Structure formats: C-alpha cells, structure tokens
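First up is the structure itself, then whatever we jot down about it.
The values are calculated or read from the model by the stated rules, or taken from the named source; none is laboratory data. Because the structure is predicted, anything quoted here is derived from the model rather than measured. Positions of Cβ are generated from backbone atoms using ideal geometry, with glycine treated the same way; all protein chains shown enter the neighbour counts. Side chains are part of the model used for accessible areas, which takes the heavy atoms of the whole protein and leaves out ligands, DNA and RNA. Shrake-Rupley method; radii C 1.70, N 1.55, O 1.52, S 1.80 Å.
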Amino acid sequence: MSKVLVVGGGGREHSLVWKLHQSRDVEKIYAVPGNGGICEAAECLDIDPMDFEGLASLVQGQGIDLTVVGSEAPLVAGIVDEFEKKGLRIFGPGKAAARLEGSKVFCKELLWKYDIPTGRGEVFEERQDALDFVKGCDFPCVVKADGLAAGKGVIICRYREEAREAIENIMGRRIFGDAGRTVIIEEFLEGEEVSCLAFSDGEEVVPLLSAQDHKAIFDGDKGPNTGGMGAYSPAPVVTAEIEAEVMREIILPVIKAMAEEGTKYRGVLYAGLMITDKGPKVLEFNVRFGDPETQAIIPLLKTDLLLPLNACIDGTLGEISLEWNEGTALCVVLASRGYPGRYERGKEIRGLEELSSGKEVYVFHAGTVRRDGSLVTNGGRVLGVTGMGNSIKEAIDTTYRAVGEIQFDGVYCRRDIGFRALNRN
Ligand code: AMP
Ligand code: GLY
C-alpha cells in the first residue's frame, strides 16, 4: 500500500487525485495545497509547492512513498533532483531534462539538432539583431520568450510593427523578466493544434490518448489566451496513422535525443503539436500533464494510474501497457467573470450535490475552497466538468447538460468546446 503526495491545486491535480483514489494500492493521498474538491479525497496541506524543504519534510514525516508534481515550476526549478538526493521517490523529469519546457531555446536547438519536425526559426540574444531580422522575415511570425512566462511568452505577429513591439516588450521592457533575455523568432505554422502525451522511463515510451485544448477565452477561439477553457479526448484529427507518426518521428526521437545528451527524460512528456499539411510539427514540449487535457484523458484510463507512474521511475515501462475506455470525454471549464483578467473570488457554488454521481459526469475542482461549510470560488478557472459519451456529440450533450446545473455568481464558460471534432463528423 502506498501513500502518495500530489503537488498542485488545479483541475489537473484533482483528476490525478480522483484516479489515484480508486487504486487498490493507494492507502492515503496528500495534496499541497489542494483545493475544495481535492480535500474530499486527500489531506490538503498549506505548503508552497516551491518550498522543496517543506515538501521533503512532509514526505519524510508521513512516510509518503511517491510524490507526483502537477505544474512545471517545481520541476524546472529542480524538485526531482532535490528529492532524489534525499532518497525520496518522485515522478517527473530532473532539472536538466525539464529544460525541454523551461527553455524554449534548449528545446528548439535539440529539435533542430536531431532533425525532429518543428518550425524554422532563429535565436536572438541581442534586441537589435532581433529587430533587424524582422525587417526581412515573412509574416505572420511568432516571437517567443525563452523562459517560463506563465503561458504568455508567445506572441503571434501579423505585421512587422507587431513583431517590433513584441521584441521591445520582451527584450527591452522585460515584461516577462529574465525569461525574455533571449527570444526565438519562428515561422508561423498553420493547421490544427493537438496535445499528445506519453509516459517515458528514459528509454521506453507509452502514449496516452490524444487530446485537444481550447486556449482562447471566447467561442471560435477568439480573445486572449487562457490556461485552457476546455478539452476533449481522443482528438479525431489524430488518426491511428498520425499517432504512429507522432510516436515514430517526434516522441521517440526526443526521448532518444535526451538520453544521448546525458539528460534522460523520465515522467510524462506533453507534445504540443500542429498537424500541418506536411505532417505533425512540434510547437512546444511540456514536462508534465496538461491542464485541462488531463481532466479529459484520465477518466478514459482503465489502468491503475499508479502503475505507469511507478514504471517511469523504476525503468520498467516496457513491461506495461495502458487500457482505455471506449468513447470520448469532454471537459468544459467554468471560469469566473473577468478571467483571464481581473475577477472576484468568494462566490458560493451551487448545484454540485444534485449532479448525478453516475459514471457519465465528473466535476474536477480548480479554484475552489471550502469555507464555513460551503464551497466558494477561489480562482479564475473554478471547475472542470467532464462528461463521457459514445461519440463527441454525446459527450458534448452530457457535459453541457451538467454545466447548466451548476451556478455561481459570474460563471462563464465557452459554449463550443469540441467544435472541431464535431465538424469532422
Ligand atoms: P507555446 O507556449 O509554444 O505552445 O505557444 C502557445 C501557443 O502559441 C500555442 O499553443 C500555439 O497556439 C501558438 N503557437 C506557438 N508557436 C506557433 C507557431 N510556430 N505557429 C503557430 N502558432 C504557434
Ligand atoms: N493545456 C495547456 C497546458 O497544459 O499547458
């Protein structure tokens, strides 16, 4: 029997906790900091996910067997190295391998070096060189800050003036701080965007089901980008043929390249891909589970989640395979009015108890907290409602029916999650 710690407090972490809670081999779950939903299945503790010493003492004090990290910041800052130094079991890549997400320049240079499909581009350390380059490049182009910028460091520029402004903001005004010391200017890729995740133990690779995120705040992919307003899995644009191509041309070569560079990648690798008319190309890698994608993928997983997590650490991934449920899962994110800008907190959430607790709808919490016996909003993205269906249409209907039963002041969601998959039918 294992005790597991999940680091994080979003919908992604709730779906991981929910799944781990079903494992016959999990005795107790701890979460840091958790949220109003996670605390029903886990003991939530108020420790900063970046306080590695604090987390390690919790793990040692409680005899926790396995730690799973939700978001990139602790991974990029080296939580895995710190835990391993202390002999503690933790799922995820070490600091050197986490640069795949932590540095876009590291990622791009690796892809270019090993000839793995991605957009063409150039790296600039000097503002003036970048400004000179956009005098002659094709548009649209994409200007990317090298480091972590809370998902905001990528600017798509239609004209030279926009590119100049992006360069001034990132390299001159340093709106993302040191993350903008270096930029990449990249060709704009056209196509449909998908997320392909795979477990890896450093050598072997086991794919998860594909998924598609919806990053923009408004229907039809309009408005500013958010952390993700909804997702579904599997994504029909990823046919069996494309999935095989992604594994053969992208995921496996990256895992091999990382091993060759002396920075073996263990954990879950998330490839953000553009399916172009010349095949899948890498937009970015994340070194963790996606959010909200995980809220759609995990309910389809039949296999005990503990199995692949442990196999990645033990180097035994070659011995396991994952079993999946048939059908589609679709997650709609309920957000607070104003998100991704300013929003209010503390609004009472109603209607959750009445939702049938059957096998068709799961409500994963993100920005929620329990206060004086009621559940209130505590963030921009509040809940992820995942509905299951035999088809994308059924999953959409089931999910939005449930969404209609949940209320809080200022609740907002996109009404068109799944539209691309629906249009394919
Ligand atoms: P990233 O953080 O690199 O995934 O970029 C954020 C978003 O910007 C992606 O999800 C894409 O929608 C978009 N994006 C990034 N790079 C490109 C590109 N080369 N061409 C078109 N869109 C891109
Ligand atoms: N869904 C986007 C992300 O997890 O980064």
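Worth pointing out:
- Highest-first packing order for the peptide set 313-323, 404-414 is 404-414, 313-323, based on the mean count of other beta carbon atoms within 10 Å.
- Straight-distance candidates among the lysines for linking to residue 215, with alpha-carbon spacing under 18 Å and chain neighbours fewer than 8 residues away dropped: 144, 152.
- Cα-centred dipole magnitude for region 305-393, charges only on beta-carbon of K, R (+1) and D, E (-1), debye, nearest 20: 660
- For the chain, the alpha carbon positions stretch 60, 46, 43 Å along the principal axes, listed from largest to smallest.
- Taking amide H as placed 1.01 Å from N in the peptide plane, residue 192 has its amide H under 5 Å from the amide H of 275, each at least 5 places away in sequence or on another chain.
- Taking every protein chain into account, the accessible area of the chain amounts to 43 square angstrom per residue (probe 1.4 Å).
- Computed E for residue 326/residue 397 - FRET, C-beta separation, R0 22 angstrom, nearest 0.05: 0.80
- Residue-wise HN-Hα coupling along region 54-66, computed from phi with Karplus coefficients 6.51, -1.76, 1.60 (Hz; x: Gly, Pro): x, 5, 5, 5, 4, 4, 5, x, 9, x, 6, 8, 8
- The HN-Hα couplings worked out from phi for region 276-288 by the Karplus form 6.51 cos²θ - 1.76 cosθ + 1.60 (θ = phi - 60°) are 8, 6, 9, x, x, 10, 6, 8, 6, 10, 10, 9, 7 Hz, whole numbers, x standing for Gly and Pro.
- Here residue 28 is the anchor, and the lysines within straight C-alpha reach of less than 18 Å, apart from those fewer than 8 places off in the same chain, are 3, 19.
- Within straight-line reach of residue 347, meaning a Cα separation under 18 Å, sit the following aspartates and glutamates at least 8 residues removed in sequence or on another chain: 372, 405, 409.
- Nonpolar atom fraction for the chain, defined as the carbon and sulfur part of the 1.4 Å probe accessible area, stands at 45 percent.
- Label sites at residue 168 and residue 284, each approximated as a point 7 angstrom past Cα along Cα to Cβ, lie 2.5 nm apart.
- Note that region 243-250 has calculated 3J(HN,Hα) couplings of 4, 4, 5, 4, 5, 6, 9, 10 Hz, one per residue in order, obtained from phi through the Karplus relation 6.51 cos²θ - 1.76 cosθ + 1.60 (θ = phi - 60°); glycine and proline are x.
- The modelled label-to-label distance for the pair residue 60/residue 125, using points 7 Å beyond Cα in the direction of Cβ, is 4.0 nm.
- For the pair region 151-203 and region 228-265, the centres of their Cα atoms are 20 angstrom apart.
- Listed peptides 370-378, 177-185 by packing density, highest first (mean Cβ within 10 Å): 177-185, 370-378
- Computed label-point distance, nm, for sites residue 84 and residue 319 using a 7 Å Cα→Cβ extension: 2.0
- Partnerless cysteines, meaning none of the other Cys C-beta atoms lie under 4.7 Å away, in the chain: 107, 137, 141, 157, 196, 312, 331, 413
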